[in-house]
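The values are calculated or read from the model by the stated rules, or taken from the named source; none is laboratory data. Everything numeric here is computed off the predicted structure, so don't read it as measured data. Note that we place each Cβ from the backbone using ideal geometry, even for glycine, and neighbour counts take in every protein chain shown.
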Amino acid sequence: MKTPLNFKVDKEKCIKCGLCAKDCLVKAIQIDEEGYPYSNATNCLGCQHCLAICPNGAISSFDRNPDNSAPNRHSVNSDDFMNLIENRRSCRQYKHENIDKEKMQKLKNMLNWVPTGCNFKDLHFSFIEDIDVMESVKDDLYTDLQKIVKFMPFGSKLKSYKNAIMKRNNDFIFRDAPHAVIVSVNKKAPCKDIDPTIALSYFELYAQTLGLGTLWCGLGFWTIPLSKKVMKRLEIPKTHKIAYVMLFGNPAVEYKRGIQPEYYNMTTVK
């Protein structure tokens with residue numbers, strides 16, 4: 001159940017600047033005769049911009065205390081962030097070990113801040129946090145795939161996948177990664193096609209700051225829905241569908257420098 005708006009104003013702190021009302025996309029905040037903001041709206045998106053923009057921390061909504069919010073330190077250096085982007089690589093070599101529990105919790109906590117279209121916020125994340133669980137999930141998946149591919153016609157382009165599944169001499173789907181996060185999205189979400197990608201993009205970059213490797217796992221996205229055993233283990237709500245899979249873990253490879261990419265075509269609209 002969604003938390004009620006419960007919009008409150010600390011009149012001792014409020015300077016009547018009106019920034020909260022001005023920044024409200026759906027005009028859910030009004031100004032009273034004394035100049036104080038108020039809201040009884042039912043169309044609030046729940047974005048909490050009113051809480052965030054108030055210079056004196058006078059606004060509380062959804063029972064959130066502004067004193068508990070992270071201060072905006074403007075501390076991210078643009079050059080350092082660009083260097084992080086330049087040196088992001090897909091990781092296909094991982095150490096056979098669990099990542100630190102503290103890092104795992106940081107990754108999970110960060111996802112609560114990722115944006116979604118219309119602030120719909122109905123993503124579901126299924127985490128494989130233990131390497132033994134990962135091995136068990138892989139066993140279930142490959143076993144089910146071996147049963148399925150026997151009866152599937154494969155063209156020449158997919159024949160190598162069929163052979164790899166039947167022989168199972170290497171983990172070509174998960175690349176021996178110790179962990180995975182599977183994101184699913186509400187089928188009725190207004191921006192269901194892009195919300196999961198945004199979330200995993202944030203996840204990937206934040207993982208880099210923790211010294212972790214990541215991989216967008218298209219083969220996992222393609223094959224996991226074929227296994228009833230694995231799907232049951234992921235505990236995905238019936239209202240949701242799998243949107244994508246990301247692998248992660250401590251990398252067993254270190255890249256000393258960034259690549260020198262071919263540049264995209266760009267135009268300046270006039």
- So residue 233 clears everything in (1) assigned to a loop (DSSP other than H, G, I, E, B); (2) among the charged types (D, E, K, R); (3) in contact (Cβ under 8 Å) with a residue 60 or more places away in the chain except one condition, right? Which one? (1)
- Task: Any residue in region 55-80 that's assigned to a loop (DSSP other than H, G, I, E, B): show its pairings with residues that are at pLDDT below 95 and surrounded by fewer than 10 Cβ atoms within 10 Å (Cβ to Cβ) at Cβ separation under 9 Å, as long as the two are six or more apart or on different chains.
- Result: 62/2
- Message: So the check is Cβ under 7 Å with 6+ separation or different chains; which pairs have a first residue in region 183-195 that's within 20 Å of residue 220 (Cα to Cα) and a second one that's assigned to a loop (DSSP other than H, G, I, E, B)?
- Response: 184/236; 185/192; 186/122; 186/192; 186/239; 187/239; 195/116; 195/189
- Message: For the list (1) modelled with pLDDT of 95 or more; (2) under 20 Å from residue 144 (Cα atoms), I need the number of the one condition that residue 240 fails.
- Response: (2)
- Note on the structure: Only unsatisfied item for residue 218, checking (1) surrounded by 14 or more Cβ atoms within 10 Å (Cβ to Cβ); (2) closer than 24 Å to residue 85 by Cβ, is (1)
- How many residues of region 238-270 are without any contact (Cβ under 8 Å) to a residue 60 or more places away in the chain and assigned to a strand (DSSP E or B)? The answer is 1
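I'd like the residue in region 162-182 that is in contact (Cβ under 8 Å) with a residue 12 or more places away in the chain and in a helix (DSSP H, G or I) and, out of all such residues, is nearest to residue 215 (Cα to Cα). So that I can check it myself, show each step before the final result.
First, the residues of region 162-182 that are in contact (Cβ under 8 Å) with a residue 12 or more places away in the chain: 162, 165-166, 168, 171-182.
Restricting the remaining residues to those that are in a helix (DSSP H, G or I) gives 162, 165-166.
Numbers: 162: 22, 165: 20, 166: 24 Å.
Ranking the candidates gives 165 first.
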- Of all residues in region 11-30, which are assigned to a loop (DSSP other than H, G, I, E, B), within 34 Å of the chain's Cα centre (by Cα) and surrounded by 12 or more Cβ atoms within 10 Å (Cβ to Cβ)? 18, 24, 25, 28, 29
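In region 26-38, what count of residues is obtained for those that are closer than 21 Å to residue 118 by Cβ and either in contact (Cβ under 8 Å) with a residue 24 or more places away in the chain or of a type in the set (A, V, I, L, M) (or both)? Before the answer, list the steps.
Pass one, region 26-38, residues closer than 21 Å to residue 118 by Cβ: 26-29.
Filter once more, keeping what is either in contact (Cβ under 8 Å) with a residue 24 or more places away in the chain or of a type in the set (A, V, I, L, M) (or both): 26, 28-29.
Number of matching residues: 3.
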- When region 188-206 is checked residue by residue, the ones that are of a type in the set (Asp, Glu) and surrounded by fewer than 15 Cβ atoms within 10 Å (Cβ to Cβ) are 193
- Members of region 34-51 found to be more than 13 Å from residue 9 (Cα to Cα) and among the polar types (S, T, N, Q), listed by number: 42, 43, 48
- Could you grab the pairs with beta carbons closer than 8 Å, sequence gap of 6+ or different chains, first residue in region 2-25 and not assigned by TED's automatic domain parsing to the domain that holds residue 42, second one crowded, with 16+ Cβ neighbours inside 10 Å and in a loop (DSSP other than H, G, I, E, B)? none
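From the residues in region 94-118 that are of a type in the set (S, T, N, Q) and loosely packed, with under 14 Cβ neighbours inside 10 Å, which one is farthest from residue 256 (Cα to Cα)? Full working, then the answer.
Looking only at region 94-118, we keep the residues that are of a type in the set (S, T, N, Q), and these are 98, 105, 109, 112, 116.
Adding the requirement that they be loosely packed, with under 14 Cβ neighbours inside 10 Å leaves 105, 109, 112.
Working: 105: 28, 109: 30, 112: 32 Å.
For region 94-118, the residue satisfying everything is 112.
Which residue, of 41, 52, is surrounded by 13 or more Cβ atoms within 10 Å (Cβ to Cβ), among the aliphatic types (A, V, I, L, M), assigned to a helix (DSSP H, G or I) and touching a residue at least 12 places away in the same chain (Cβ under 8 Å)? Step through it out loud before you land on a result.
On the way: 41 fails: assigned to a helix (DSSP H, G or I).
That would be 52, the only listed residue that is surrounded by 13 or more Cβ atoms within 10 Å (Cβ to Cβ), among the aliphatic types (A, V, I, L, M), assigned to a helix (DSSP H, G or I) and touching a residue at least 12 places away in the same chain (Cβ under 8 Å).
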- Query: Right, residue 151: among the hydrophobic types (A, V, I, L, M, F, W, C), assigned to a loop (DSSP other than H, G, I, E, B) and in contact with a strand residue (DSSP E or B) (Cβ under 8 Å, 6 or more places away or on another chain) or not?
  - Reply: no
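Which count do you get for residues in region 108-134 that are in a helix (DSSP H, G or I) and either in contact with a strand residue (DSSP E or B) (Cβ under 8 Å, 6 or more places away or on another chain) or outside the structural domain of residue 184 (by TED's automatic domain parsing) (or both)? Show your work before the answer.
Filtering region 108-134 for residues in a helix (DSSP H, G or I) gives 108-113, 117-119, 131-134.
Pick out the ones that are also either in contact with a strand residue (DSSP E or B) (Cβ under 8 Å, 6 or more places away or on another chain) or outside the structural domain of residue 184 (by TED's automatic domain parsing) (or both) and you get 108, 111, 131, 134.
Matching residues across region 108-134 total 4.
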- What is the number of the single condition among (1) touching a strand residue (DSSP E or B) at 6+ places or on another chain (Cβ under 8 Å); (2) assigned to a helix (DSSP H, G or I); (3) within 18 Å of residue 125 (Cα to Cα) that residue 208 does not meet? (3)
